[in-house]
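A.B. asks: One structure, as structure tokens, below. Some questions next.
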Amino acid sequence: MIELENMYQCLGISPQVFNFGKKIETSLKERFEAIDARAEYNQMKVLKAMQENRVSDIHFAATTGYGYNDLGRDTLEQVYASVFHSESALVRPQLISGTHALHIALSGNLRPGDELLSPAGKPYDTLEEVIGIRDSVGSLKEYGVIYRQVDLLPDGTFDYENIRKAISQKTKLVTIQRSKGYDTRPTFSVKQIGELIAFVKNIKPDVICMVDNCYGEFVETIEPSDVGADMTVGSLIKNPGGGLAPIGGYIAGRKDCVDRASYRLSAPGLGKEVGASLGLNQSLFQGLFLAPTVVAGALKGAIFAANVYERLGFFVVPDSREERHDIIQAVSFGKPEALIAFCQGIQAAAPVDSFVSPEPWDMPGYDAPVIMAAGAFVQGSSIELSADGPLKPPYAAYFQGGLTWYHAKLGILMSLQKLMEEKIVTL
Ligand SMILES: *Cc1c(COP(=O)(O)O)cnc(C)c1O
């Protein structure tokens, strides 16, 4: 494969780095096969959903204005409902991000005086303001929703005893975040989430269980909706958009819950009947179609990165052997130069903006400068290869995505090349 090695060299990867990567890749053969097998299953699941709902090119036509009788939009929502084995789904470009979809699901289903419980510790940063954990204009707290939280036990498992105590007559909705996001706890498997839902429903059967599914879609062969979640929520510029969705979010679940969310998204009385798809349907269908293989590529990249950097002595979460439940990989570099070099390598490998060099900056809302690498087709898309990290100890980079495994691989090799050139690592 001297030809391939030469091509990598043209891109700036030295033979030393190439061969180091090759050895690691060879050692991962079995794990990659297991990922491919899951992707194959999920591809069939998506195809089955598209065939059952008779997807046709008429569904790719654009609607405008109110968007009444948008056949494509309605069919896309049925396809999502089939993939998630749920009664209904809301899949819209008007859901502008994961945070927005989660906000609509929560605010559509909670009423003043209701209690919202997070039994899995602190939720994702942006939800703090949605809920009102951090005071914020328009938060659920301002609307009289009471928030309770039960932290995880020190070993990262659910504190069932205190969860039981926290559930009261007023508990209306339980929110469970599947991915660790940018936290250090483990990500939950769908099976673990199912056990937690069963526990909660055993105490209070009518409680609504919502799962923040961001970064988790198609990593396993089942989704939270298969284990009792009443609403499963995520972003289309992460896993299920397959890199092609230019915007959007989804809520899949029980019909009454999804309907209530839809009345919040549009207006009471209007619900799902309005909302033009503006010509985006084809990208949303096609992105979903590609999502299982795209997620497989991102997973291979994450596992490859964990193995490369663990071998070099860095602390990686998840570690090199752990079973994966989302696509995020954290690597702690211990010093700022290393984090910066890593992100610059990821950027240099990108299809878009490879010629710019990211620098740390003081981002609003953060207590330390943040460095970000993203050479993406869609702004902020984190199913595309991207990395970021705050410049403070332990100088950890959070790395995710890659529309193809080969691109993820180049990104990691390039990051290693930069670390070598800066004399931070030696091979
Ligand atoms: C990304 C993410 C969100 C928020 O999604 P945005 O699209 O960035 O608003 C929420 N929860 C988790 C776990 C996430 O990873």
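A.B. asks: Angle check, please: helix 281-311 long axis (alpha carbons) against the longest principal axis of the chain (alpha carbons), in degrees 0 to 90, nearest 10.
C.D. replies: 50 degrees
A.B. asks: Another question, then. If I take R0 = 56 Å and measure r between the Cβ atoms of residue 162 and residue 423 in this structure, what FRET efficiency does the formula 1/(1 + (r/R0)^6) give, to the nearest 0.05?
C.D. replies: 0.70
A.B. asks: How big is the charge dipole of the chain about its Cα centre, in debye rounded to the nearest 20, if each Lys and Arg gets +1 on its Cβ and each Asp and Glu gets -1 on its Cβ?
C.D. replies: Approximately 460 debye in magnitude.
A.B. asks: Is there a quick way to get the dipole size of region 77-209? I mean about its Cα centre, with the Cβ of Lys and Arg at +1 and of Asp and Glu at -1; what is the value in debye to the nearest 20?
C.D. replies: With only Lys, Arg, Asp and Glu charged at Cβ, the dipole is about 200 debye.
A.B. asks: Residue 142 to residue 278: FRET efficiency via 1/(1 + (r/R0)^6), r the Cβ-Cβ distance, R0 41 Å, to the nearest 0.05?
C.D. replies: 0.80
A.B. asks: Which FRET efficiency value, to the nearest 0.05, do you get for residue 6 and residue 66 by plugging their Cβ-Cβ distance into 1/(1 + (r/R0)^6) with R0 = 45 Å?
C.D. replies: 0.20
A.B. asks: Rounded to the nearest 10 degrees, what's the angle between the helix 405-421 long axis and the longest principal axis of the chain, both from Cα atoms, 0 to 90?
C.D. replies: Result, in degrees: 50.
A.B. asks: Shifting gears a bit: Taking 0.36 nm per residue of sequence separation and subtracting the Cα-Cα distance, how much length would be gained by fully extending the chain between residue 392 and residue 126, in nm to one decimal?
C.D. replies: Taking residue 392 through residue 126 to full extension adds about 93.7 nm, to one decimal.
A.B. asks: Still on this structure, I have one more. Measuring from label point to label point, each 7 Å out along Cα→Cβ, what is the residue 19 to residue 353 span in nm?
C.D. replies: 3.6 nm
A.B. asks: On full extension of the chain, what length is gained from residue 191 through residue 36, given 0.36 nm per residue of separation minus the C-alpha to C-alpha distance?
C.D. replies: Difference between extended and current length: 53.7 nm.
A.B. asks: Label-point separation (nm) for residue 96 and residue 202, each offset 7 Å from Cα along Cα-to-Cβ?
C.D. replies: 4.3 nm
A.B. asks: What fraction of the DSSP beta bridges in the chain is antiparallel, stated in percent and rounded to the nearest 5?
C.D. replies: Here the share of antiparallel DSSP bridges comes out near 65 percent.
A.B. asks: Hey, another quick one. Relative to the present Cα-Cα distance, how much length would full extension add between residue 319 and residue 44 at 0.36 nm per residue of separation?
C.D. replies: Here the segment from residue 319 to residue 44 would lengthen by 96.0 nm.
A.B. asks: Using the Cα centre of region 1-92 as the reference point, and only Cβ charges (+1 on K/R, -1 on D/E), how large is the resulting charge dipole? Debye, rounded to the nearest 20.
C.D. replies: In total the dipole reaches around 180 debye.
A.B. asks: Let me ask another. Pop a pseudo-label 7 angstrom from the Cα along the beta-carbon direction at both residue 263 and residue 221 and give the gap in nm to one decimal.
C.D. replies: 4.0 nm
A.B. asks: Using Cα centres only, tell me the gap between region 214-270 and region 131-179 in whole Å.
C.D. replies: 20 Å
A.B. asks: Tell me which lysines have Cα within less than 17 Å of residue 418's Cα, excluding those fewer than 8 residues away on the same chain?
C.D. replies: Cα-Cα hits under 17 Å: 335, 409.
Laboratory data are not the source of any read-out in this text; all were calculated from the coordinates shown. This one's a predicted model, so the numbers in the text were calculated from it and none came from an experiment. Cβ atoms come from the backbone with ideal geometry, glycine included; neighbour counts cover every protein chain shown.
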